[in-house]
1. Between I59 and N364, how high is the FRET efficiency from 1/(1 + (r/R0)^6) when r is the Cβ-Cβ distance and R₀ = 45 Å? Nearest 0.05.
2. Quick check: from the Cα gyration tensor, does the stretch 199-265 come out rounded (a/c under 1.5), prolate or oblate?
3. Rounded to the nearest 500, what is the chain's calculated 222 nm mean residue ellipticity when only DSSP H runs of at least 4 contribute -39500 (n - 2.57) each, over all residues?
4. Would you order T414, T280, T370 from fewest to most other beta-carbon atoms within 10 Å of each residue's own beta-carbon?
5. Determine, for each peptide in 210-219, 235-244, the mean count of other beta carbons within 10 angstrom over its residues, then list the peptides with the highest first.
6. Given Cα pairs under 8 Å that are at least 6 residues apart, what percent is the relative contact order of the stretch 11-97?
7. Kirkwood-based Rg over Rh for the stretch 124-225 (C-alpha set), two decimals?
8. Please work out, to two decimal places, the log10 of the ratio I(q)/I(0) at q = 0.07 Å⁻¹ from a Debye calculation in which every Cα of the chain carries one identical scatterer.
Amino acid sequence: MKPLVIFLIIFIPILSEAQECNCESNFNWTKKTFEENDAGFAFVIEKKGKQAYENHNRIFEEKVKNIDMLTECTQTIYEWLTFFRSGHIAIRTLSGQDQQANNPSSDAQIIKKFAEWETLEVDVPEFKQYLETKDKHDFEGIWVSEPYEIGIKKVGEEYIGFIIKADGVYWSKNQVKLRIDKNGSSTYYMRDHSAQTFETAELLGNNYLQTGFITLKRVSPTLESEPNVKNYFKVISAQDPYFEQINEKTTLLRIPRFWGSEKRKIDSVINTNRETILKTENLIIDLRNNGGGSDSSFKELLPILYTNPIRTVGVELLSTPLNNQRMLDFINKDEYGFDEEGKKWAQKSYDKLSKQIGEFVMLNENPITTKTFDTIHKFPKNIGIIINENNGSTTEQFLLAAKQSKKVKLFGTTTIGVLDISNMYFIKSPCEEFELGYSLSKSMRIPEMTIDDKGIQPDYYIDKEIPKFEWIKFVSEILNE
């Protein structure tokens, strides 16, 4: 039987009667679709209560009546969705080829849409001269985070980041891209101008600024870079998995994400360096900021860390006509790449789901699967996995498996906690202005061992007194004791 992959993303349009395309109608469609199809909806209502949900709805029903901008509308609807959980929900405006195919929008229209965005007028050459005269360096400076060049200037008690160079379409010169308040929390505006808020913004060494998952590198004034900080940003900003030997007894495997498209890269790095990994005493797996992807991507890691049978608790799928359509897509659409065996599984699954509309259905015969391997490798003897608050979804699924090995210890901070309700599904709104992402499955760990909104705790908590650029050093020292 073909295994169910966590965090599966599907895109299908919804056919409906013509509707007026405004924020109120978009909200009403989102609400109805989510209530009828999301696997976590009933669970949250039972936990929080109908009255809390009705109060929440009243607030947002009033908000959406007065919203004209699509970007503001999608942000408001996303805020409504966060009542249910912090992850495995999404709503985003269509852009690029998808948007142009259904609702053509020229660069001029996009520029016009954001023309009234707040700006900060700064004489950049004069600002650069001022920066060179400063004795003490803080957030003020000129920074790069591709494709943006951003100036950050202190105005009153806050620091404001303004665009110096950008694409000239979604973002234009002088528009406000970032704010850091007097308490150190920040707001960063994404490509579509939606706001991402983070509790802290911090300088790491002289030339790096980090806030949440956003990293900026200072380009002016020119300051000396500390080697350990520079190496940290090599690790944290890596786009591809890589391997290196830290010392005689310790190797490092960095995996930035578990996306399905990354599986070949991950497998290649592991297979190329397998001999070194299996003859070296300690292995560090750095998963910081790895938000998940596909379970198949960590398959090659399991034999390396294995010591005893790995038990995995399964999921149940919520059967609805909309949700079940994806099984037919697996059969009929070549882009999903299902072979004949996979198509037979999809047809069998569709038939089973269709007989139980409105119910949760377990596709596997047993709620628990057990994975065993023939070999327990002598090395690596100790495995330290570095985690943080940006780990979720498939990464948390991997950690649940890895923790069952006697060799493994987790280091860092508690993960985000977005695993219990999963298997994301994306559908286009009737007006084809945005996509709604919701979830199809519910873990059978509920309620005895929930992860959502709790996360997975490390065995070794790395406190704030240890700089982020020294985490690998800290883990290496523990493993080598």
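1. Numbers: r = 40 Å, r/R0 = 0.90.
Computed FRET efficiency for I59 and N364: 0.65.
2. Details: a/c = 2.48, a/b = 1.45, b/c = 1.71.
Here the stretch 199-265 falls in the oblate category.
3. Details: 15 runs with 145 residues, N = 481.
The helix-only estimate for the chain comes to -8500 deg cm²/dmol at 222 nm.
4. Details: T414 16, T280 19, T370 9.
Listed from fewest to most nearby Cβ atoms, that is T370, T414, T280.
5. Working: 210-219: 18.1, 235-244: 15.9.
Sorting 210-219, 235-244 by mean packing, highest first, produces 210-219, 235-244.
6. Details: 42 pairs, mean separation 25.8, N = 87.
Relative contact order comes out at 30 percent.
7. Details: Rg = 12.7 Å, Rh = 13.7 Å.
In the stretch 124-225, Rg relative to Rh is 0.93.
8. The computed values of log10 I(q)/I(0) come out as -0.43.
Bear in mind these aren't lab numbers, they're just calculated from the coordinates by the rules spelled out. As the structure is a computational prediction, the values presented were derived from the model and not from experiment. So basically every Cβ, Gly included, is an ideal-geometry build from the backbone, and we count neighbours across all protein chains shown.
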